[in-house]
Amino acid sequence: MAVKIDKDLCNACGACVDACAFDALEVEEFAVCNEEECTECEACIDECPTEAISL
């Protein structure tokens with residue numbers, strides 16, 4: 001599994017990308033998670049200012 005991103009809440013700020021030590025996230029119109037790289041460490045969840053990321 002990987003984190004889920006609510007594209008309606010995501011403002012594409014990039015805080016999650018900076019928080020991810022595994023390079024599993026990138027920002028396009030909104031954050032996108034590479035499920036193969038995600039370890040579910042929750043670092044991105046803690047950093048998301050809009051609470052757009054969940055498990």
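Key figures for this structure:
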item: Single residue of segment 2-17 satisfying the filter (in contact with an Asp or Glu (Cβ under 7 Å, 6 or more places away or on another chain) and at negative phi) that is most open to solvent (accessible area, probe 1.4 Å); result: LEU9
item: Selection within segment 11-38 - aromatic (Phe, Trp, Tyr) and either under 14 Å from GLU51 (Cα atoms) or modelled with pLDDT under 95 (or both); result: PHE30
item: Qualifying residue in segment 29-43 (condition: open to solvent by less than 40 Å² (accessible area, probe 1.4 Å), β-branched (Val, Ile, Thr) and not in a loop (DSSP other than H, G, I, E, B)); result: no
item: Top-ranked residue in segment 44-55 [being of a type in the set (A, V, I, L, M, F, W, C) and part of a loop (DSSP other than H, G, I, E, B); ranked as surrounded by the fewest Cβ atoms within 10 Å (Cβ to Cβ)]; result: LEU55
item: Residue check, GLU26 free of Cβ contacts under 8 Å to residues at least 60 places away in the same chain and in a strand (DSSP E or B); result: yes
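The values are calculated or read from the model by the stated rules, or taken from the named source; none is laboratory data. As the structure is a computational prediction, the values presented were derived from the model and not from experiment. Positions of Cβ are generated from backbone atoms using ideal geometry, with glycine treated the same way; all protein chains shown enter the neighbour counts. Accessible surface areas use protein heavy atoms only, side chains included; no ligands, DNA or RNA. Shrake-Rupley method; radii C 1.70, N 1.55, O 1.52, S 1.80 Å.
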